[in-house]
1. As a quick test, which of the pairs LYS182/LYS246; LYS220/LYS282; LYS185/LYS258; LYS185/LYS405; LYS231/LYS282; LYS253/LYS405 have an alpha carbon distance above 27 angstrom in this structure?
2. Tell me, what is the Rg over Rh of region 260-403, with Rh the Kirkwood radius over Cα pairs?
3. How far, in nm, would the chain grow between ARG37 and ASN131 when pulled straight, counting 0.36 nm per residue and subtracting the alpha carbon separation?
4. Under a straight-distance cross-link criterion of Cα-Cα below 17 Å, which lysines are reachable from LYS169, leaving out those fewer than 8 residues away in the same chain?
5. At 0.36 nm per residue, and after removing the present C-alpha to C-alpha distance, how many nm does the segment from LEU27 to ASN165 gain when stretched out fully?
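Please treat every number below as a calculation from the coordinates, not as lab data. Computed from a prediction, not measured in an experiment: that's the story for all the values here.
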Amino acid sequence: MKDRRLRQTLILLVLALTVTVGMVFFLASKSVNFIERQQIRRNAEIIGLIAEKYPDAQSEVIKLFQSEHLSTSELGEEIFQKYGMDFASGNIVGNYREAQLYIVSIFLVLIALFCFAVFFIFYFYLKRMDNSLINISEYINRLLNKDYALDIIDNDEGTLSSLKNDIYKVTVMMKEQNELLKQDKMLLANNLADISHQLKTPLTSMLLMSDLLDSDELTKEERKEFLRVIKSQLKRIEWLVSSLLKLSKLDAKTIEFKKDQIHAHDLLRKAIEPVYMMIETKDQQYLVSGDNPLIETDVNWTCEAFVNILKNCSEHTPQGGILKAEVFDTVMYTEFVLSDNGVGIDAKDLPFIFDRFYRCSTVSKESVGIGLAMAYSIITGQDGTISVQSVLNQGTSFSIRFYKK
């Protein structure tokens, strides 16, 4: 039996019953002894009276008391009845009806005491149960009011203790979820502020240029330049919105990553295609080397991550620089190392390089700070890891590992 309180209550009931039964046997024994003494005393009085009046009949009288079967008992009962005396009416001297009533009264008192003890024990048991339930109810009400600074844990055994411990576990979970919700709200507020800032700059620029386009003093070449800038800003807004939508899906974990099979070098060639024109324009080299194992990954999303990393490398590598992609296959994981010999990243910026909207001190003003954050979410979302090492004016190296299962 797991409920310690119920076990204690049953033990008390058994003890009360044992004490009551013991007292019953004790009083029954005392009552029998009392009746026997009364009977002996009464018989002695009768013998003494007979012996006083008829001294020669002593031996006959003693024989009557020593015999178990007396043939004269019926005669004696007839004599009693003749003088209006019988056992039922209780008018015989020495009748023990009072003793019987006394014994019955004692038994009734004992039964009453036992019933009171049972009632008392159950009353306090139910009272304790009721108090515990009231405490649990008050705790839950406070919990609904988001008061998580409570401790209801109970080290006792029993159903209520298990319930309290389960409620405590739920409280811990709700407290953790509440903290996560607060963090998410703060993150959302910060992201909205950053998004607003990122959108405000190109929108302000386009509004200004649209006002200037109304001027009749603009030349044809100036109008074309303004339209080109507006188009460029619109493309930037489109890219920003598209990237934010992808990030929101990654944050909400609504994306189910596939398990496509592809060779490592094919993945790297596929990832460089969107960045190829940038590399060609800056006369940069893109070198692929190392192992070429068959890996399992979501090709499209992993390419998206690699594109953002390679784009970052190209943007921060000067004209004629080198971009490298190396593959190392081990028993536990496959590692991709994407590196450049560009301007590098300051050591103070490295801990925050994958934070959303974080802009390093060495990046251009047009950088938004989304690409590396998205790459981090995509890689870690597939149970991979990504890290960065960099030295100013020497270059940056990104290490991506996909672990084998």
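1. On the way: LYS182/LYS246 23 Å; LYS220/LYS282 30 Å; LYS185/LYS258 30 Å; LYS185/LYS405 35 Å; LYS231/LYS282 23 Å; LYS253/LYS405 21 Å.
Table pairs above 27 Å Cα-Cα are LYS220/LYS282; LYS185/LYS258; LYS185/LYS405.
2. Working: Rg = 14.2 Å, Rh = 15.2 Å.
With Rg and the Kirkwood Rh in hand, the quotient comes to 0.94.
3. On the way: separation 94, 0.36 × 94 = 33.84 nm, distance 5.49 nm.
Here the segment from ARG37 to ASN131 would lengthen by 28.4 nm.
4. Correct list for LYS169: LYS146.
5. Values: separation 138, 0.36 × 138 = 49.68 nm, distance 4.93 nm.
Extra length available between LEU27 and ASN165 comes to 44.7 nm.
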